[in-house]
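Trainee: Would you mind keeping the following structure in view while I ask a few things?
The values are calculated or read from the model by the stated rules, or taken from the named source; none is laboratory data. Predicted, not measured: the structure shown is a model, and the values here were computed from it. We place every Cβ from the backbone using ideal geometry, glycine too, and count neighbours over all the protein chains shown.
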Amino acid sequence: MQHTITTLVENRPGVLARVAGLFSRRGFNIESLAVSITEDPSVSRMTIVVTGDERSLEQISKQLNKLIEVIKVYDYTDVPNVERELALIKVHAEPTRRAEIMQITDIFRAKIIDLSERTLTIEVTGPVAKVDAMRSLLEPYGIKELVRTGKIVLARGARSAAEMRSNV
């Protein structure tokens, strides 16, 4: 099962390496990782997407909570949430095929952010499934380059991570 875990940590050098190392030592592949500073400059937020069973996730959570720099760990898997991911996709775009690519871009409410003689660079933002679907539709044109931010997530409604109880 895929899990989306948010970890609030002290914003200090080396914390990301220690957190990622825990997953690696336990044999988990991190499918997505996004890290940024929060509304409090002393705290960073890590959103980590991993696949594993409940028992393994519980072990990882216990290990994370033992790290001095970890403030709280949350599993957003079963929490109503809003998720987003940003992707930049550079696609081969000969002049004769540009209209088709532009139509796909419009349907997905994406943006063309760069244009050259033979390529278009497209920015798409939305749920992971939307980004995946757009990528699939652009593959026949030839994706020259692709970069994704990784999933970020917030609980729906007024609740914030600081107000949630740790549920991992």
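Trainee: It is to be established whether one or more residues within region 135-146 are closer than 26 Å to residue 46 by Cα and not in a helix (DSSP H, G or I). If you could, list the steps in order and put the result at the bottom.
Mentor: Here is the first cut: in region 135-146, the residues closer than 26 Å to residue 46 by Cα are 135, 145-146.
After this cut, where a residue has to be not in a helix (DSSP H, G or I) as well, the list is 145-146.
Among the residues of region 135-146, at least one is closer than 26 Å to residue 46 by Cα and not in a helix (DSSP H, G or I), which makes the answer yes.
Trainee: Within region 77-92, restricting attention to residues that are touching a helix residue (DSSP H, G or I) at 6+ places or on another chain (Cβ under 7 Å) and modelled with pLDDT of 95 or more, which residue is nearest to residue 53 (Cα to Cα)? Reasoning before the result, please.
Mentor: Going residue by residue through region 77-92, those that are touching a helix residue (DSSP H, G or I) at 6+ places or on another chain (Cβ under 7 Å) are 83, 85, 87, 89, 91-92.
Subset that is modelled with pLDDT of 95 or more: 85, 87, 89, 91-92.
On the way: 85: 24, 87: 28, 89: 32, 91: 37, 92: 40 Å.
Residue satisfying both the conditions and the ranking: 85.
Trainee: Would you point out the residue of region 13-71, among those that are β-branched (Val, Ile, Thr) and loosely packed, with under 14 Cβ neighbours inside 10 Å, that is nearest to residue 1 (Cα to Cα)? So that I can check it myself, show each step before the final result.
Mentor: Of the residues in region 13-71, the ones β-branched (Val, Ile, Thr) are 15, 19, 30, 35, 37-38, 43, 47-51, 60, 68, 70-71.
Next, only the ones that are loosely packed, with under 14 Cβ neighbours inside 10 Å stay: 37, 51, 68.
Working: 37: 28, 51: 5, 68: 28 Å.
Filtering first and then ranking leaves 51.
Trainee: Please determine whether any residue of region 141-150 is modelled with pLDDT under 95 and on the phi > 0 side of the Ramachandran plot.
Mentor: Checked region 141-150: at least one residue is modelled with pLDDT under 95 and on the phi > 0 side of the Ramachandran plot.
Trainee: Take the residues of region 118-134 that are in a helix (DSSP H, G or I) and under 13 Å from residue 148 (Cα atoms): which is farthest from the chain's Cα centre (by Cα)? If you could, list the steps in order and put the result at the bottom.
Mentor: First, the residues of region 118-134 that are in a helix (DSSP H, G or I): 128-134.
Now drop any that are not under 13 Å from residue 148 (Cα atoms), which leaves 128-132, 134.
Working: 128: 8, 129: 12, 130: 13, 131: 11, 132: 12, 134: 16 Å.
Checking each candidate, the answer is 134.
Trainee: Would you pick out the residues in region 82-113 that are in contact (Cβ under 8 Å) with a residue 40 or more places away in the chain, surrounded by 15 or more Cβ atoms within 10 Å (Cβ to Cβ) and closer than 18 Å to residue 128 by Cβ?
Mentor: 83, 84, 85, 86, 87, 88, 89
Trainee: So, residue 70, is that one in contact with a helix residue (DSSP H, G or I) (Cβ under 6 Å, 6 or more places away or on another chain), within 30 Å of residue 20 (Cβ to Cβ) and not hydroxyl-bearing (Ser, Thr, Tyr) or not? Steps first, answer last, please.
Mentor: On the way: in contact with a helix residue (DSSP H, G or I) (Cβ under 6 Å, 6 or more places away or on another chain): yes; within 30 Å of residue 20 (Cβ to Cβ): yes; not hydroxyl-bearing (Ser, Thr, Tyr): yes.
Criteria met by residue 70.
Rundown of residues vs (1) of a type in the set (Lys, Arg); (2) under 18 Å from the mean Cα position of the chain (by Cα), yes/no style:
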{"site": "35", "(1), (2)": "no, yes"}
{"site": "71", "(1), (2)": "no, no"}
{"site": "77", "(1), (2)": "no, yes"}
{"site": "101", "(1), (2)": "no, no"}
{"site": "106", "(1), (2)": "no, no"}
{"site": "111", "(1), (2)": "yes, no"}
